[in-house]
Amino acid sequence: MKIVECVPNFSEGRNMAVIDQITDEIKKIKGVRLLDVDPGFDTNRTVVTFVGDPESVKEAAFNAIKKSHELIDMTKHKGAHPRFGACDVCPVIPVSGITMDECVQVAHDLGKKLGDELDYPVFFYEYAAKAPERKNLAWVRQGEYEALESNLKDPARKPDAGPSEFRPKQGATAVSARDFLIAYNVNLNTNNAKLAHDIALNIREQGRTMRDENDKIVKDANGKKVKKPGVFKNCKAIGWYVDDYKRAQISINLTNYHITSMHDVFDEISRQAEERGLRATGSEVVGVVPKDAVIKAGIHYMEKQGSCAGVPDDELIKIAIQSLGLSDVAEFKPEEKIIEYMISKPGKLVDMTVTEFNDMLSSDAPAPGGGSVAALCGTLAASLGAMVMNLTYDKKGYKQFNEKVNSIAKDLQNRKNELNSLIDADTDAFNVLMEALSMRSKAKKSNDTNEVEKAEEAYYDATVLATDVPLKVMKKIMELVPIIKQVAEIGNTNAASDAGVAALLINSGVKGAGLNVRINLSGFDESDDYKIKTLKEMNDILDNVDSDTEAILRIIDGKI
């Protein structure tokens, strides 16, 4: 599932009645979850954080910004924070299942809709910028609201969307795509803030001001202070004393956790703390964190211990919490701190017990059906492969394969999770198709030509979706073939039969999903380009599945 975070900043931090009306617009949208509302009196600004799928996030952001235009008057606004609009900035941030390029498109779509429909200036910055100088928010917002009217007369500052005309009440909005920021604090066993800040200066990207042997500040030829860069890129940090915890902390903002991770920072702080006679007793995440960041930490510490890291997510999250000491000052509850868990929809098939799933499957409900079961075959195949690798890792006679086994096990866990999501996706697609079928039936009875056209288009799109999902299942399961073949080749002989069962599940899953593709394609005209293309893709896969899985079974036969 594609999940994005959106963090609009509104130029109102004092009137909660206004703030509540704005955030109520976000709460109304199905598919998003409001995570945080942080008003500031002095800044007269409220930072709102919500997450959801891209389309829902765009709708929620648009509605909230539209409401802010009704309630906030920039001609009367005063506050300590730089600003130039009722909604000053609105960044879109990838959380999971979505790339930065896709988030740029979400930002562009949102910005264009804001400019066109709300008729006011909108600018793009950071990754969404359409010119190099516009990457910098300070350039886009130069002079703030007070300079906006004159800036809009400068052709070089033409808005990226909306009119080049001053709207005194609304001002302007800067929309961006940016990396996820993790607010992360490391706790020390001292109340000495200076020691904490000394470590912070060493690790942060900005580093510290250099001094000579006489402790005087070093300056360059232009009289500017010379800086010694810190250890980590995309890392901001300061040291301080936290009275609530009665200890010093290093407060950190990780602006791109893919480059600088929580675990790398924690390990380095632990090392530097030890040099000073201190200990890093643990850490805390302020706000929320992507699951990926926690999983990466779990993998890091599992591998550091010499263990196979190709284990289920729950185990990786547990080891990450323990290793980073995330419950040191307050309990870290994954369901309240990890974004994906916070917005997980209840009632998913993958969350059912085996008995519950089978009971639903055996009822008169048309879904879940064969498509979901085909995807389940794929997850079971991946799971069996991961199990064999875990039973092989570091075992006598197989240690020479440890690096390869660890890599395969991690890959199979990821593929298991992806196929798990397709179990629900197949049923969701079927439900969309049923809704479209009902809409089509009602439209035909209405004799309204426009409604009939809309319904036919919706039905076509829903049928494509219902076909694309099982086709994706086929492709994803077939991707397991070369991996399970390696499992069969290097895996523990005592678990060879499990690799064989995985091969059989691949065969069943691919053929089962193929049947679902075929039945959904039956509704298309024979000359339809989509049908022709999809049939070819399906048949190409089916042509190979028997020979590919039989090759794996021959390896298994040789072992047992």
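Looking across the stretch 97-127, the residues that are in a helix (DSSP H, G or I) and over 16 Å from the mean Cα position of the chain (by Cα) come down to 108, 109, 110, 111, 112, 113, 114, 115, 116, 117, 118.
Does residue 362 satisfy the condition of being under 18 Å from the mean Cα position of the chain (by Cα), surrounded by fewer than 18 Cβ atoms within 10 Å (Cβ to Cβ) and over 30 Å from residue 247 (Cβ atoms)? So residue 362 fails the test.
With respect to the conditions (1) hydrophobic (A, V, I, L, M, F, W, C); (2) touching a residue at least 12 places away in the same chain (Cβ under 8 Å); (3) more than 20 Å from residue 475 (Cβ to Cβ), residue 374 lacks only one, and its number is (3). The one condition from (1) at pLDDT below 95; (2) buried (at least 19 other Cβ atoms within 10 Å of the Cβ) that residue 243 does not meet is (2). Answer yes if at least one residue in the stretch 48-65 is more than 20 Å from residue 110 (Cβ to Cβ), over 20 Å from the mean Cα position of the chain (by Cα) and not β-branched (Val, Ile, Thr), and no otherwise. No, the conditions are met nowhere in the stretch 48-65. All of 516, 492, 507 fail the test of being touching a residue at least 12 places away in the same chain (Cβ under 8 Å), assigned by TED's automatic domain parsing to the domain that holds residue 367 and either more than 30 Å from residue 406 (Cα to Cα) or among the β-branched types (Val, Ile, Thr) (or both), apart from 516. Scanning the stretch 193-235 for residues that are closer than 22 Å to residue 265 by Cβ, part of a loop (DSSP other than H, G, I, E, B) and not hydrophobic (A, V, I, L, M, F, W, C) returns 204, 205, 206, 207, 229, 230, 233, 234.
Are any of the residues in the stretch 383-405 crowded, with 20+ Cβ neighbours inside 10 Å, within 22 Å of the chain's Cα centre (by Cα) and not aromatic (Phe, Trp, Tyr)? Looking through the stretch 383-405, none of the residues is crowded, with 20+ Cβ neighbours inside 10 Å, within 22 Å of the chain's Cα centre (by Cα) and not aromatic (Phe, Trp, Tyr).
The condition (being among the acidic types (Asp, Glu) and assigned to a loop (DSSP other than H, G, I, E, B)) is satisfied by just one residue among 244, 264: 244. Would it be correct to say that residue 251 is closer than 19 Å to residue 337 by Cβ, modelled with pLDDT of 95 or more and polar (S, T, N, Q)? So residue 251 fails the test. Would you confirm whether or not the stretch 421-443 contains a residue that is crowded, with 18+ Cβ neighbours inside 10 Å, closer than 21 Å to residue 371 by Cβ and modelled with pLDDT of 95 or more? Yes, the stretch 421-443 contains at least one residue that is crowded, with 18+ Cβ neighbours inside 10 Å, closer than 21 Å to residue 371 by Cβ and modelled with pLDDT of 95 or more.
Screening residue 294 with (1) farther than 26 Å from residue 50 by Cβ; (2) crowded, with 16+ Cβ neighbours inside 10 Å; (3) not polar (S, T, N, Q) gives one miss only, at (1). If you filter the stretch 51-75 down to residues that are modelled with pLDDT under 95 and not aliphatic (A, V, I, L, M), you find that the one that is surrounded by the most Cβ atoms within 10 Å (Cβ to Cβ) is 52. Within the stretch 475-487, the residues that satisfy the criterion of being surrounded by fewer than 24 Cβ atoms within 10 Å (Cβ to Cβ) and in contact (Cβ under 8 Å) with a residue 60 or more places away in the chain are 475, 476, 478, 479, 481, 483, 485, 486.
Reported count of residues in the stretch 168-192, each being modelled with pLDDT under 95, among the aliphatic types (A, V, I, L, M) and buried (at least 19 other Cβ atoms within 10 Å of the Cβ), is 1. Being at pLDDT below 90 and in the same structural domain as residue 272 (by TED's automatic domain parsing) holds for only one residue in 198, 212, and it is 212. Residue under question is residue 12, and the condition is that it be within 24 Å of residue 137 (Cα to Cα), crowded, with 19+ Cβ neighbours inside 10 Å and acidic (Asp, Glu); does it hold? Yes; evaluated as a whole, the condition is true for this residue. Taking the stretch 78-96, which residues are part of a loop (DSSP other than H, G, I, E, B) and crowded, with 16+ Cβ neighbours inside 10 Å? Selection gives 79, 82, 83, 84, 86.
When 560, 555, 490 are checked against the criterion of being touching a Phe, Trp or Tyr at 6+ places or on another chain (Cβ under 9 Å) and aliphatic (A, V, I, L, M), a single residue qualifies: 490.
Looking across the stretch 541-560, the residues that are under 38 Å from the mean Cα position of the chain (by Cα) and β-branched (Val, Ile, Thr) come down to 541, 545, 549, 552.
Table: residues versus (1) under 23 Å from residue 486 (Cα atoms); (2) in a helix (DSSP H, G or I); (3) among the basic types (Lys, Arg); (4) in contact with a Gly (Cβ under 6 Å, 6 or more places away or on another chain).
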{"position": "500", "(1), (2), (3), (4)": "yes, yes, no, no"}
{"position": "505", "(1), (2), (3), (4)": "yes, yes, no, no"}
{"position": "539", "(1), (2), (3), (4)": "no, yes, no, no"}
{"position": "556", "(1), (2), (3), (4)": "yes, yes, no, yes"}
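Given the condition assigned to a helix (DSSP H, G or I), touching a residue at least 40 places away in the same chain (Cβ under 8 Å), assigned by TED's automatic domain parsing to the domain that holds residue 533 and buried (at least 18 other Cβ atoms within 10 Å of the Cβ), answer yes or no: does some residue in the stretch 449-463 qualify? Yes, the stretch 449-463 has at least one match.
Considering every residue within the stretch 261-277, establish whether at least one is more than 17 Å from residue 197 (Cβ to Cβ), modelled with pLDDT under 95 and in the same structural domain as residue 207 (by TED's automatic domain parsing). The answer is no; no qualifying residue exists. Mind checking whether some residue in the stretch 141-159 is within 25 Å of residue 94 (Cβ to Cβ), in contact with a helix residue (DSSP H, G or I) (Cβ under 6 Å, 6 or more places away or on another chain) and surrounded by 20 or more Cβ atoms within 10 Å (Cβ to Cβ)? For the stretch 141-159, residues within 25 Å of residue 94 (Cβ to Cβ), in contact with a helix residue (DSSP H, G or I) (Cβ under 6 Å, 6 or more places away or on another chain) and surrounded by 20 or more Cβ atoms within 10 Å (Cβ to Cβ): absent. Are any residues in the stretch 327-358 over 28 Å from residue 422 (Cβ atoms), crowded, with 18+ Cβ neighbours inside 10 Å and either touching a helix residue (DSSP H, G or I) at 6+ places or on another chain (Cβ under 7 Å) or not aliphatic (A, V, I, L, M) (or both), and if so, which ones? Result: 328, 332.
The values are calculated or read from the model by the stated rules, or taken from the named source; none is laboratory data. Computed from a predicted structure; not experimentally measured. Glycine also receives a Cβ, built like all others from the backbone with ideal geometry; neighbour counts cover every protein chain displayed.
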